[in-house]
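Engineer: This structure is in structure tokens; I'll ask about it shortly.
Every read-out reported here was derived from the displayed coordinates using simple, explicitly stated rules and does not represent laboratory data. It should be emphasised that the depicted structure is a prediction, and the values quoted were computed from it without experimental measurement. Using ideal geometry, Cβ is built from the backbone for each residue, glycine included, and neighbour counts are taken over all protein chains shown.
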Amino acid sequence: MNLKYTFDELSLEKNKLILSSRNNNQKAILFTELDEIYISVHKFPSLLELVPFLFLIIIATLSLLYLSLEIMLFLPPLFIVTFIVKMNDYKSYELKIRLKNGVFFTKKVPQKLKHETLDIISKVRKQIYNYRIDN
């Protein structure tokens, strides 16, 4: 039973997590039900990273064969723009909470909030650790 739900906000209480979604649904998860909490990184597949370079190589080859030298002066800026886009290296992050019964809760995390989310995860793990020691 792998069900996947999304949530927007995560809040901590003494023995549980509260997950809230946009349509005001709240789900309380006890620490005893929690199996794992982590952040996963999603990157572009490596084949998609090569597409802009292959496209530019094809354009350069065709321009060498058919275009004059003046028009070919526009190719270096194209290479520079492609390099800038490639250096940006887009990544997206996703906070995942897995319960012991196989249900997943996910939340997309912007790159700017990645470190704050890591702090929240460490707080959750610390509270889970303290909860398990107390019981």
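Engineer: What net charge do the residues around Leu12 carry, taking every other residue with its C-beta under 13 Å from that of Leu12, with Lys and Arg at +1 and Asp and Glu at -1?
Structural biologist: On the way: positive: Lys14, Lys16, Lys123, Arg125, Lys126; negative: Glu9, Glu13, Asp119.
Residues close to Leu12 contribute a combined charge of +2.
Engineer: If you take every residue apart from Asn101 with its C-beta less than 12 Å away from the C-beta of Asn101, what net charge results, scoring Lys and Arg +1 and Asp and Glu -1? Working shown, then result.
Structural biologist: Details: positive: Arg98, Lys100; negative: Glu33, Asp35.
Overall, the nearby charge balance is 0.
Engineer: Greater than 20 Å separation of Cα atoms is the criterion. Which listed pairs, Lys14/Lys107; Lys16/Lys114; Lys16/Lys126; Lys4/Lys112; Lys4/Lys100; Lys27/Lys100, meet it? Before the final figure, lay out each step's value.
Structural biologist: Values: Lys14/Lys107 22 Å; Lys16/Lys114 22 Å; Lys16/Lys126 12 Å; Lys4/Lys112 25 Å; Lys4/Lys100 13 Å; Lys27/Lys100 15 Å.
Checking Cα-Cα distances, Lys14/Lys107; Lys16/Lys114; Lys4/Lys112 exceed 20 Å.
Engineer: Efficiency by 1/(1 + (r/R0)^6): what FRET value for Glu13 and Phe79, r their Cβ-Cβ distance, R0 = 41 Å, to the nearest 0.05? Can you show the working numbers first?
Structural biologist: Working: r = 54 Å, r/R0 = 1.32.
Calculated value: 0.15.
Engineer: By counting other Cβ atoms within 10 Å of each Cβ, how are Phe105, Phe79, Phe74, Phe31 ranked from fewest to most?
Structural biologist: Numbers: Phe105 21, Phe79 15, Phe74 11, Phe31 18.
Final ranking by Cβ density, sparse to dense: Phe74, Phe79, Phe31, Phe105.
Engineer: Counting Lys and Arg as +1 and Asp and Glu as -1, what is the net charge of the other residues whose Cβ lies under 12 Å from the Cβ of Glu36? Write down the numbers at each step before the final one.
Structural biologist: Working: positive: Lys96, Arg98, Lys100, Arg125; negative: Glu33, Asp35.
Charge balance in the 12 Å sphere: +2.
Engineer: How far, in nm, would the chain grow between Glu33 and Arg98 when pulled straight, counting 0.36 nm per residue and subtracting the alpha carbon separation?
Structural biologist: On the way: separation 65, 0.36 × 65 = 23.40 nm, distance 0.90 nm.
Between Glu33 and Arg98, full extension yields an extra 22.5 nm.
Engineer: Can you compute the FRET efficiency between Gln26 and Lys91 using 1/(1 + (r/R0)^6), with r the Cβ-Cβ distance and R0 = 35 Å? Round to the nearest 0.05. Don't jump to the answer; show the numbers that get you there.
Structural biologist: On the way: r = 30 Å, r/R0 = 0.85.
Approximately 0.70, to the nearest 0.05.
Engineer: Continuing with this model, one more query. Please report Phe7, Phe53 as a ranked list, fewest other C-beta atoms within 10 angstrom at the top and most at the bottom. All intermediate terms of the calculation are to be shown ahead of the outcome.
Structural biologist: On the way: Phe7 19, Phe53 13.
Ascending number of Cβ neighbours within 10 Å: Phe53, Phe7.
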